Amino acid sequence: MKPQPEIRTLFILGAGASRAAGAPLMFDFMESAAKTHRRKESAWAQESFDCVINARRKLQVAYAKSSVDLDNIENLFSTFEMASLVGRLGGLPKDLVETLPNHLRSVIMRTLEQTILYPITGREGIVPSPYPYDDFAHLLLALSRVNELAPLAVMSFNYDLCLEYALLRAGLHPEYALGHAPPTDKGSIPMYKVHGSLNWCRKEDTRTIEASPVRPLQMRTYWERYGLNKPRDFPVDTMELLYGPTEWGAAIHPRPVIVPPTWNKGVYQEMLKPVWREASAALASAENIFVIGYSLPPSDQFFRSFYSLSTISDSIIERFWIFDPSESNEVADRFRSMLGPAVRERNKFKCERSSFVDAINHLADTFGFEPTNVGGRNEPLRAQIAR
């Protein structure tokens, strides 16, 4: 992969960034997964849902003597990893216990497929991105042309493909830092998906990660598939994003590279070492850091250490802005405790109680754009930011 220039502006996206698109947060992920299963929408992943839900019931009994939030996907992933390591969980067969982390990966993939919605409007040739990612992609494109901000990059803790699809619609592609550049002459945005992605798979022969590009979804195909006479939002399978809709319903479901967001990250980081190193280099050079939808939970000591080591550099941070809709001061306090006085005490840090779409509006306004349409659920940003 060709060397990238030093990153000047870094966006950090957490689960809250995909909330408006329908994706669950960490704390209610299993609730969304259970609803998907009850509605008989688990489809190709039904066996995995059965295994995970049964194992979770066993854990509820086992944890009568302790306090563990099993609705939180981080906690469940961590517990399944430990169970796989020690080979036991509430009397379940050992061979099943060892497969629980992979079953949970399938549950994560299917839950995201069923909760993230694409607007089928009947008005455009290509299906729009899940809300508000088209707006965000156009904002990235616009900010990449501002000298004081470019070059820019995105570091994401999310597995979903919302941003990839939006970048495709904006004429861009993600540079994943996996060791090779995508075979395209279009513009690119460095994108460090440090926990993996639904379109990444591990090649067993080379033990490397290969990323499949997303494809545009033709509006007419979906409008006719559902027999619509008015706009509606629908889920789209990962298979269709990667291989096209002609095999709709076929059992083509790659096993994605998904790294658990837990204390056990270190076990997986050899596989994702190039991604983390590029993300670290981006943090080291970044002068502007915008965090959207990531609350720096107390359990994530890994990121605190990663940030501390990565920011040992000569660069000067001009802005460290957090966008989080929480009404409490907890998120701001967590970040303040991580940041040094050169950022915290010189009016460079601020925490806005803002949603993802509010953050887009705020940043567009700050840097001289006029996103007059952002905020309407079916009125994606077009004119000013696209220029």
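Just a few scattered comments:
- The residues on offer are Arg123, Arg169, and the sole one that is of a type in the set (Lys, Arg), within 21 Å of Asp237 (Cβ to Cβ) and surrounded by fewer than 24 Cβ atoms within 10 Å (Cβ to Cβ) is Arg169.
- Meets criteria (touching a Lys or Arg at 6+ places or on another chain (Cβ under 7 Å) and at pLDDT 80 or above) for Pro325: yes
- Total residues in segment 126-157 satisfying the condition of being within 14 Å of Phe11 (Cα to Cα), of a type outside the set (A, V, I, L, M, F, W, C) and surrounded by fewer than 24 Cβ atoms within 10 Å (Cβ to Cβ): the figure is 2.
- Residue match in segment 105-119 (condition: more than 23 Å from Phe27 (Cβ to Cβ), within 22 Å of the chain's Cα centre (by Cα) and not hydroxyl-bearing (Ser, Thr, Tyr)): yes
- Qualifying residue in segment 331-339 (condition: in the same structural domain as Asp300 (by TED's automatic domain parsing), at pLDDT 80 or above, of a type in the set (Phe, Trp, Tyr) and within 14 Å of Ile292 (Cα to Cα)): yes
- Residues that are touching a Cys at 6+ places or on another chain (Cβ under 6 Å) and among the hydroxyl-bearing types (Ser, Thr, Tyr), drawn from segment 130-165: Tyr133
- Filter result for Ile73 (modelled with pLDDT of 95 or more, of a type in the set (Val, Ile, Thr) and either more than 23 Å from Asp28 (Cβ to Cβ) or in contact with a helix residue (DSSP H, G or I) (Cβ under 8 Å, 6 or more places away or on another chain) (or both)): no
- Segment 122-134 residues that are farther than 11 Å from Ala166 by Cβ, paired with ones that are part of a helix (DSSP H, G or I) (beta carbon under 6 Å, 6 or more apart): Gly122/Trp223; Glu124/Met219; Gly125/Met219; Val127/Met219
So that you can scan it fast, the table gives a plain yes or no per residue for (1) in a helix (DSSP H, G or I); (2) more than 30 Å from Leu228 (Cβ to Cβ):
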residue	(1), (2)
Asp95	yes, yes
Arg110	yes, no
Glu124	no, no
Ser129	no, no
Asp134	yes, no
Leu149	no, yes
Ala153	no, yes
Glu164	yes, no
Leu167	yes, no
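The values are calculated or read from the model by the stated rules, or taken from the named source; none is laboratory data. Fair warning: this is a prediction, and the values are worked out from it, not measured in the lab. Here Cβ is always computed from backbone atoms with ideal geometry, including for glycine, and neighbour counts include all displayed protein chains.
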